[in-house]
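Structure first, commentary second.
The values are calculated or read from the model by the stated rules, or taken from the named source; none is laboratory data. Predicted model, so just to flag it, every value in this text is computed and none were measured. In this analysis, Cβ positions are derived from the backbone assuming ideal geometry, glycine residues included, and neighbour counts consider all displayed protein chains.
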Amino acid sequence: MTEVNAMAGGYSFSDLPPKCILINTLVVFDWLNRPLIDRVRAAYGTRFLVLGGRSREAEIRQWLTEDDRYVAMEDILELSSARRSDEEEIAIAQGYESRMQISYIRDILQQDRGVAVNLVNQTPYSPFRNPERLDLLEHIVSVNRHMETYETLLKQEGVDLILSRSMDMQGAVLAELANDLKIPITFARGTRIKAGMTWASDAYVGSEWNQETFAQTPEMPLVDESALVTPDGPRQHQDQLRQTYGLKAVAVDLLKNTIIRIEFLLQDLRARKRGKRLSYAAVIKARINGYLCYRFMMRNKTDLSDIKGKILFFPLSLDPEYTVQTLSKEFSDTKAMVQQVAMALPVGATLALKEHMRIGTRAVSFYKDLLRLPNVVFVDPAVRGIDVVRQSNGVVSLNSTASLEAAYMGKRAMLFSSHSEFTPIPSITRFESFLDMPQKLQWLIKDLDEEEKLQIKKDAARFHGSLIAKSYQAEGVPYFGGKVMEVDPKEIDRAIELLSEVRASQLRRFKAKSAA
């Protein structure tokens, strides 16, 4: 028995084989899903319920046997009941909300980017934005149908493990149903260490499994922050960013997009059918707006070396995006969070903001409004976030990797996320109430002595070791931007061992909650 299965406490695949695994497929994980299906089926006799697009059905059915089932997402609502009256639909929604202790709008509808951009409306130039006012009732009806259909599917097929990421309405529904029905759910994700992959603690990443692994990890040698794979990449990527938002690059992109759109129109004419695509006008407007926003930030940027006093770094996340609408779904209004932090910041401290590299969905007015706050500045968006962390006293973010980088440097951080994998590190705290925000911010930027800084670095090193302990290698796969579609079979076996452990972790938590 492997160490991982030994840690499973009677809930490992060997002790309690999964009867049916639901896989919500994504092309970037074909390299993992196909061999995983083969190996788990051969070892444990597990059946598979696979969700995917109609266009991939023939391809994926080759992975399956007659005992498995493939359901095309385009056909999913055909399995559901007919539309009821408005009053009945509202009553059904209220029933699910009460039973699951959730909010349809925050916990499900917000997960859909096309809906999210219309809820907070801070990204008017997002190509996902619908200019029409949100028809809430129709969206409620859609969630009801998804709830009913997937709950029936899960029960009929006897699903006892779900591999699905909550990144749209379907994923959010599966996440909430899994929690309600006490079905373990996870998804493959990167570890932020080169080529490292692992499984999420739950449907929203979570930290419980991370906490267990962290507690079992002994003290490790200190690790430099350069060991992390940062989202904003090496320095040469930052030079490319400056070029991307130059006038010449924008003009070239506009021309390319126009040519591509003409080609699409010709295809549609030949097919006598209009393809489903992002609005051409929206794409063009976002690109032009990106140029205007970049120029505004460059004219109004501040060099942090010129600032006297303490600096708190707040990296802005792409919006709409998984980090905002899912991991920080309780605090997804970025502008409001920045304003609240600025107002609660101690006198003499400065809040330094850095825009995400993909500029253009927010309006210039977003930045102008924030710069009206007297203790807020913007840094050059082409500067690497990790370099801003070095110049700062602490970090606050929705769920940015900058918070983890801070710990590696012996600094504190605060997250507007209840679903972060970073919180096993004691110096990374979770924001929970506006009532004590001034006290939290004072703690965050407090001067630390060398012993305190060293302890934070030691905790970060233990966390780094725990990431390695629960990871497998998948260098060059599409998830990391490569084209490798087959990895070492030993790494697939390792992925299955870890999947067994994360399922066991969730089953233990379900049991503990039921006992309580």
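Among GLU219, GLU157, GLU148, which is the only one that is of a type outside the set (S, T, N, Q), more than 22 Å from ALA495 (Cα to Cα) and in contact with a strand residue (DSSP E or B) (Cβ under 6 Å, 6 or more places away or on another chain)?
Among GLU219, GLU157, GLU148, only GLU157 is of a type outside the set (S, T, N, Q), more than 22 Å from ALA495 (Cα to Cα) and in contact with a strand residue (DSSP E or B) (Cβ under 6 Å, 6 or more places away or on another chain).
Which of the residues spanning region 382-422 are polar (S, T, N, Q), part of a helix (DSSP H, G or I) and surrounded by fewer than 23 Cβ atoms within 10 Å (Cβ to Cβ)?
The answer is GLN391, THR401.
From the list THR123, THR65, pick out the single residue that is among the hydroxyl-bearing types (Ser, Thr, Tyr) and farther than 30 Å from GLY45 by Cβ.
THR123
Taking region 429-464, which residues are among the aromatic types (Phe, Trp, Tyr) and modelled with pLDDT of 95 or more?
Of everything in region 429-464, those that are among the aromatic types (Phe, Trp, Tyr) and modelled with pLDDT of 95 or more turn out to be TRP443, PHE463.
Could you tell me whether LYS276 is assigned to a loop (DSSP other than H, G, I, E, B) and in the same structural domain as GLY385 (by TED's automatic domain parsing)?
yes
Does ASP369 meet the test of being in the same structural domain as ILE456 (by TED's automatic domain parsing), in a loop (DSSP other than H, G, I, E, B), surrounded by fewer than 23 Cβ atoms within 10 Å (Cβ to Cβ) and of a type in the set (D, E, K, R)?
Against the criterion (in the same structural domain as ILE456 (by TED's automatic domain parsing), in a loop (DSSP other than H, G, I, E, B), surrounded by fewer than 23 Cβ atoms within 10 Å (Cβ to Cβ) and of a type in the set (D, E, K, R)), ASP369 does not qualify.
If you check LYS490 against the conditions, is it basic (Lys, Arg) and either without any contact (Cβ under 8 Å) to a residue 60 or more places away in the chain or surrounded by fewer than 18 Cβ atoms within 10 Å (Cβ to Cβ) (or both)?
Yes, satisfied.
Can you go through ILE105, ILE140, ILE92 and tell me which one is part of a helix (DSSP H, G or I) and within 30 Å of ARG358 (Cα to Cα)?
ILE105
Every residue in region 180-219 that is over 19 Å from LEU32 (Cα atoms) and in contact with a His (Cβ under 7 Å, 6 or more places away or on another chain), please.
Matches in region 180-219: TYR204, GLY206.
Inside region 357-401, can you point out the residues that are among the polar types (S, T, N, Q) and farther than 13 Å from LEU316 by Cα?
SER365, ASN375, GLN391, SER392, ASN393, listed by residue number.
Residues to consider are SER317, SER305; find the one that is among the polar types (S, T, N, Q), outside any helix (DSSP H, G or I) and closer than 19 Å to LEU351 by Cβ.
SER317
I'm trying to understand the selection: among the residues of region 170-219, which are in contact with a Pro (Cβ under 8 Å, 6 or more places away or on another chain) and among the aromatic types (Phe, Trp, Tyr)?
Result: PHE214, single match.
Against the conditions (1) more than 17 Å from LEU222 (Cα to Cα); (2) under 23 Å from the mean Cα position of the chain (by Cα), where does ASP493 fall short? Just the number, please.
The single condition ASP493 does not satisfy is (2).
Based on what the data block shows, is ILE425 part of a loop (DSSP other than H, G, I, E, B), of a type in the set (Val, Ile, Thr), surrounded by 21 or more Cβ atoms within 10 Å (Cβ to Cβ) and in contact (Cβ under 8 Å) with a residue 12 or more places away in the chain?
Criteria met by ILE425.
Condition check ((1) within 30 Å of ASP68 (Cα to Cα); (2) modelled with pLDDT of 95 or more; (3) in contact with a Phe, Trp or Tyr (Cβ under 9 Å, 6 or more places away or on another chain)) across all residues:
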| position | (1), (2), (3) |
| --- | --- |
| ARG106 | no, no, no |
| ASN130 | no, no, no |
| LEU134 | no, no, no |
| ARG145 | yes, no, no |
| THR149 | yes, no, no |
| GLN156 | yes, yes, no |
| ASP160 | yes, yes, no |
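State which residue pairs qualify: first residue in contact (Cβ under 8 Å) with a residue 12 or more places away in the chain and inside region 139-168, second residue of a type in the set (Asp, Glu) and in a loop (DSSP other than H, G, I, E, B) in any location, beta carbons under 8 Å apart, and separation of 6 or more residues or different chains.
Partner pairs satisfying both residue conditions: ASP168/ASP112.
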